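A.B. asks: Input: one structure, supplied below.
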Amino acid sequence: MYKILAKKEINNLVDQMTIEAPLVAKNCKPGHFIILRVDEDGERIPLTVVNHDETTVEIIYQKLGYTTRLLGSMEVGDAISDIVGPLGEAIKIRGSKRILAIAGGVGAAPIYPQLKAYHNEGVSIDLVLGAKSKEYLILTDKFRDICDNVYLCTDDGSVGEKGFVTEIASELLTHETYDHSIAIGPLIMMKYVVQLNKKHNLKTDVSLNPIMIDGTGMCGNCRVSIGGKTFFACVDGPDFPGEEVDFDELLARQNYYHDEEHICNLEMKLK
Ligand code: NAD
Ligand code: FES
């Protein structure tokens, strides 16, 4: 069992939680994730390790589905049944001097450990951080500690520029130059960021979060097409070169699962 040591509600949809997991923590590197089960009958959910020390891991999750809401109902002192990790490939730090990072919504959580690793290597970082509105911008102060510039934007204009991250990045790219880019957020955002960056000859690393079950490359659920070949996000990723990702295939699959989830919810209501 894995004890919850701290928990904070960042906004009405997103929580931050610190969990005691020494064996996972001491092997964690930026880009790694865990799969947890809240109880022994529960579904498995993958979550990026946002921070860790010698004995604890910190996660940030959006309470949208049944399991993340259940996780959100747990309190400090409660224990989580299983944690498997660290999983995935740690990021490979590129030899860049200046990068453009773009984070959308809760995608700010998985981008944070990556940017921290680049910052520790002395890399200069400009970040465009976007969300629906002011309350959904997360980790803003932590990003200010490690980035040279943080450009905030919201869909409703409640703070920062009004508009999508792509609009702010597009403006920046007219007068700034970067060695490479990292983008994490909704799939559709990453797709358009990659398209934008391509026009400026900028390569983009993206992080993919397809449905995962075992997290060890056995079930095939997390398959993604990269450069026309099949990879498993759980063992080969979750980070991939954005130019090679088949976003349309992933978006079609995401819509299929959302429809399925919608049908299941309706069926449960009807029972
Ligand atoms: P959201 O829908 O509020 O979007 C966040 C920001 O992304 C927006 O404010 C906007 O700036 C940008 N964006 C959205 N649609 C865009 C478009 N069509 N073009 C350009 N920019 C666009 O984000 P949210 O609700 O916080 O995110 C939830 C989604 O993020 C879920 O689908 C989740 O699966 C995904 N997610 C992905 C990762 C990952 O590792 N890739 C991690 C966590 C969450
Ligand atoms: Fe099963 Fe990746 S989660 S193969």
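Taken together, the values in this text are just the output of simple stated rules run on the coordinates, not laboratory data. Note that the coordinates shown come from a computational prediction; the quantities given were computed from them, not determined experimentally. With ideal geometry, Cβ positions are generated from the backbone for all residues, glycine too; neighbour counts draw on all protein chains shown.
A.B. asks: Using modelled amide H (1.01 Å from N, peptide plane; none on Pro or chain starts), what sits under 5 Å from the amide H of K7, excluding residues fewer than 5 places away?
C.D. replies: Under 5 Å from the amide H of K7: T18.
A.B. asks: Using the Karplus curve 6.51 cos²θ - 1.76 cosθ + 1.60 with θ = phi - 60°, work out ³J(HN,Hα) for each residue of the range 205-220 in order, rounded to whole Hz, and write x for Gly and Pro.
C.D. replies: Rounded to whole hertz, the list is 8, 10, 10, 9, 10, x, 4, 10, 10, 8, x, 10, x, 9, 8, x.
A.B. asks: Now a separate question. Please compute the net charge surrounding T174, taking Lys and Arg as +1 and Asp and Glu as -1 over other residues with Cβ under 13 Å from its Cβ.
C.D. replies: That sum, taken over residues with Cβ under 13 Å, equals -2.
A.B. asks: Angle, helix 108-120 long axis vs. longest principal axis of the chain, Cα atoms, 0 to 90°, nearest 10?
C.D. replies: 60 degrees
A.B. asks: Hey, can you grab everything whose amide H is under 5 Å from the amide H of G237? Only 5+ residues off in sequence or another chain; H modelled, so Pro and N-termini drop out.
C.D. replies: Residues meeting the amide H criterion: E89.
A.B. asks: Taking 0.36 nm per residue of sequence separation and subtracting the Cα-Cα distance, how much length would be gained by fully extending the chain between N12 and D53, in nm to one decimal?
C.D. replies: Stretched fully, the N12-D53 segment lengthens by 12.1 nm.
A.B. asks: HN-Hα J couplings of the range 127-137 from phi, Karplus 6.51/-1.76/1.60, θ = phi - 60°, integer Hz, Gly and Pro as x?
C.D. replies: Listing the rounded values in order: 10, 9, 10, x, 7, 4, 8, 3, 5, 9, 7 Hz.
A.B. asks: Next question. Can you pull the percent of Cα pairs in the range 66-144 with separation above 17 Å?
C.D. replies: Cα-Cα pairs in the range 66-144 separated by more than 17 Å: 60 percent.
A.B. asks: Dipole of the range 147-261 (Lys/Arg Cβ +1, Asp/Glu Cβ -1, origin at the Cα centre): which of T154, T204, P186 lies farthest to the positive side?
C.D. replies: T204
A.B. asks: Please list the non-local residues whose amide H lies under 5 Å from the amide H of V245, H modeled 1.01 Å from N, same-chain partners needing a gap of 5 or more.
C.D. replies: Result for V245 returns G227.
A.B. asks: Return the subset of K142/K229; K7/K229; K26/K191; K26/K134; K63/K92; K134/K229 for which the Cα-Cα distance in this structure is over 32 Å, preserving the input order.
C.D. replies: K142/K229; K7/K229; K26/K191; K26/K134; K134/K229
A.B. asks: Against the empirical 2.2 N^0.38 Å scaling, what ratio does the C-alpha Rg of the range 31-109 come to?
C.D. replies: For the range 31-109, the normalised Cα radius of gyration is 1.27.
A.B. asks: Still on this structure: Spelling out what I want: for every residue of the range 146-158, take phi, set θ = phi - 60°, compute 6.51 cos²θ - 1.76 cosθ + 1.60 (Karplus), and round to whole Hz; glycine and proline get x.
C.D. replies: Each residue of the range 146-158 in turn: 10, 10, 6, 9, 10, 9, 8, 8, 9, 5, 9, x, 5 Hz.
A.B. asks: What area, in nm² and to one decimal, does the C-alpha convex hull of the chain cast on average over all directions? Let's see the in-between values first.
C.D. replies: Working: hull surface 58.1 nm².
Mean projected area of the Cα convex hull: 14.5 nm².
A.B. asks: Roughly what angle does helix 247-270 make with the longest principal axis of the chain, taking Cα atoms, 0 to 90 degrees, to the nearest 10?
C.D. replies: 30 degrees
A.B. asks: In whole angstrom, how far apart do the alpha carbon centroids of the range 167-200 and the range 80-147 sit?
C.D. replies: The range 167-200 and the range 80-147 have Cα centres spaced 15 Å from each other.
A.B. asks: In deg cm²/dmol, rounded to 500, what helix-only [θ] at 222 nm does the chain give when every DSSP H run of at least 4 residues adds -39500 (n - 2.57) and the total is split over its residues?
C.D. replies: That calculation yields -8500 deg cm²/dmol at 222 nm.
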